[in-house]
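Following: one structure in structure tokens, then a few remarks.
The values are calculated or read from the model by the stated rules, or taken from the named source; none is laboratory data. Computed from a prediction, not measured in an experiment: that's the story for all the values here. Using ideal geometry, Cβ is built from the backbone for each residue, glycine included, and neighbour counts are taken over all protein chains shown.
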């Protein structure tokens, strides 16, 4: 059986690992595919140190992002309720529905903080009333904001 080769990945490779991972592969796979495609390089002590520094910087960056998300969550939950006005039809039903971009615009107007509309989870809103929306600010941080639908 052939000896395995240690490489450091330069890019994400499906079913093998992510950028910066130390992997052991067959010599032919390394020689014929990974190294010529510049997907990996040989694992030397200098490259391992570079990878470790890169990982530490990435960890620090993610820590800062999480802290900013925590601060944004506190600010959003401090606001309390956000009002969105919609046209009214019969039996307190609204025309259309409340959408994530409308909620993001209302949050920006109320707090001055920009929120990604793709991270907003809304219940089905078809009538006037008060609803709760979940806003995913970070993979670990989710804020709950109260939305009040009022007639315009």
Query raised in the report: What about residue 28, is it over 29 Å from the mean Cα position of the chain (by Cα) and assigned by TED's automatic domain parsing to the domain that holds residue 134?
Result: no
Query raised in the report: Only one residue in 89, 20 is at positive phi, without any contact (Cβ under 8 Å) to a residue 40 or more places away in the chain and out of contact with any strand residue (DSSP E or B) (no Cβ under 6 Å at 6 or more places or on another chain), so which one is that?
Result: 20
Query raised in the report: Is there a residue being assigned to a loop (DSSP other than H, G, I, E, B) and under 22 Å from the mean Cα position of the chain (by Cα) anywhere in region 76-96?
Result: no
Query raised in the report: How many of the residues in region 73-92 are surrounded by fewer than 12 Cβ atoms within 10 Å (Cβ to Cβ) and either at pLDDT below 85 or not assigned by TED's automatic domain parsing to the domain that holds residue 136 (or both)?
Result: 3
Query - Filtered residues of region 34-57 (kept if under 18 Å from residue 18 (Cα atoms), free of Cβ contacts under 8 Å to residues at least 12 places away in the same chain and part of a helix (DSSP H, G or I)) - result: 49, 50, 52, 53, 56, 57
**Report entry** The one condition in (1) over 24 Å from the mean Cα position of the chain (by Cα); (2) modelled with pLDDT under 90; (3) not in a helix (DSSP H, G or I) that residue 130 fails to fulfil
**Finding:** (2)
Query raised in the report: Looking at this structure, is residue 101 assigned by TED's automatic domain parsing to the domain that holds residue 136 and surrounded by fewer than 15 Cβ atoms within 10 Å (Cβ to Cβ)?
Result: yes
**Report entry** Leading residue by the ranking (surrounded by the most Cβ atoms within 10 Å (Cβ to Cβ)) among those in region 108-127 that are closer than 13 Å to residue 146 by Cα and modelled with pLDDT under 90
**Finding:** 125
Query raised in the report: Any idea how many residues of region 10-47 are modelled with pLDDT under 90 and over 28 Å from residue 139 (Cα atoms)?
Result: 1
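Condition check ((1) touching a helix residue (DSSP H, G or I) at 6+ places or on another chain (Cβ under 7 Å); (2) surrounded by 12 or more Cβ atoms within 10 Å (Cβ to Cβ)) across all residues:
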site	(1), (2)
18	no, no
32	no, no
41	yes, yes
63	no, no
71	no, yes
